[in-house]
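The structure appears below as structure tokens.
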Amino acid sequence: MIPRHIGIIMDGNGRWAERRGLPRKEGYAAGLAALRKVLGRAAERGVETVTVYAFSTENFARPEEEIRAIVKVADAFDRSYDGDMRVSYMGDIYAFGDEFAEGVESVEARTAGNPGLRLNIAFGYGGRADIVNAAKRAADKGDFTEEDFAANLSSAGLPPLDLVIRSGGEKRLSGFMLYEAAYAELWFTDALWPDFDGDALDEAIASFEGRERKFGA
Ligand code: IPE
Ligand code: IPE
Ligand code: MG
């Protein structure tokens, strides 16, 4: 079965640029180009939703200039996107200023009725922060089940997370969808994100298709 919802930790952009003697910010532009291709292949393969990790709550610790470069790439995407995907964000988009938030709201509104792949962008997002926020909201309502709780996460309304892909060689989640990944299949590659392509996605999907998912039973 094809995964309905794939999460991608797009790591290795900075190293990709450094290895070419380029400023790290060039890695983020190259990363967006790779993402466009991967999303095209995901749509062809019948994947419903792709959530990409583009900026973590911990990434606020990066140098100001690097943060600005990442925000600029995302903002340019938001303002220019005119394809058939439905684009949404999860995370604290207001932490990046009003202008960025306005671009996010614009792309979400423009694409809300689109028939294509759902692209969900985790930006200013951290799994721990998301769980804590959900807990606060759920607690306000009193006694709650796992299902009630999950309805308060930023991922509410998305299909269950089936597969998490991480590029860049590290084998960790770095705070990505901690609650949702409980039974996701994991796939890691040493490829740096700008070098990741449709064939690499096919490889990850093929691996997923060969897994036996037991969910504890
Ligand atoms: C991951 O790429 C994307 C963001 C953090 C925005 P990195 O910037 O972490 O790239 P590397 O891991 O340093 O190569
Ligand atoms: C994870 O990558 C976050 C994103 C891809 C947005 P990092 O580069 O920030 O993760 P660590 O620091 O290696 O764990
Ligand atoms: Mg990294």
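Numbers at a glance
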| read-out | value |
| --- | --- |
| Within region 3-37, tally of residues that are surrounded by 22 or more Cβ atoms within 10 Å (Cβ to Cβ) and within 18 Å of Ser207 (Cα to Cα) | 6 |
| Identity of the residue in region 187-217, in contact with a Gly (Cβ under 9 Å, 6 or more places away or on another chain) and not in a helix (DSSP H, G or I), that ends up surrounded by the fewest Cβ atoms within 10 Å (Cβ to Cβ) | Asp190 |
| Candidate set: region 38-78, residues that are charged (D, E, K, R), surrounded by 15 or more Cβ atoms within 10 Å (Cβ to Cβ) and more than 20 Å from Pro23 (Cα to Cα); chosen: the one nearest to ligand 2 (Cβ to nearest atom) | Asp78 |
| Any hit, region 99-112, residues being touching a strand residue (DSSP E or B) at 6+ places or on another chain (Cβ under 9 Å), more than 17 Å from Leu201 (Cβ to Cβ) and outside any helix (DSSP H, G or I) | yes |
| Residue that is within 16 Å of ligand 2 (Cβ to nearest atom), of a type in the set (A, V, I, L, M, F, W, C), over 23 Å from Arg41 (Cβ atoms) and in a helix (DSSP H, G or I), where the choices are Ala182, Ala129 | Ala129 |
| Pair list, Cβ under 6 Å, 6 or more apart: region 49-65 residue at negative phi, other residue outside any strand (DSSP E or B) and surrounded by fewer than 16 Cβ atoms within 10 Å (Cβ to Cβ) | Thr49/Pro159 |
| Residue selected from region 1-37 under the condition part of a loop (DSSP other than H, G, I, E, B) and within 16 Å of ligand 2 (Cβ to nearest atom), by the criterion farthest from Ala112 (Cα to Cα) | Gly12 |
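Rundown of residues vs (1) closer than 26 Å to Arg172 by Cα; (2) surrounded by 12 or more Cβ atoms within 10 Å (Cβ to Cβ); (3) within 16 Å of ligand 3 (Cβ to nearest atom), yes/no style:
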{"position": "Ser80", "(1), (2), (3)": "no, no, no"}
{"position": "Met85", "(1), (2), (3)": "no, yes, no"}
{"position": "Ala129", "(1), (2), (3)": "yes, yes, no"}
{"position": "Ala138", "(1), (2), (3)": "no, yes, no"}
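Values quoted throughout were computed directly from the atomic coordinates according to the rules given, and no laboratory measurement underlies them. Predicted model, so just to flag it, every value in this text is computed and none were measured. FYI the Cβ positions are ideal-geometry reconstructions off the backbone, even for glycines, and counts take in every protein chain you see.
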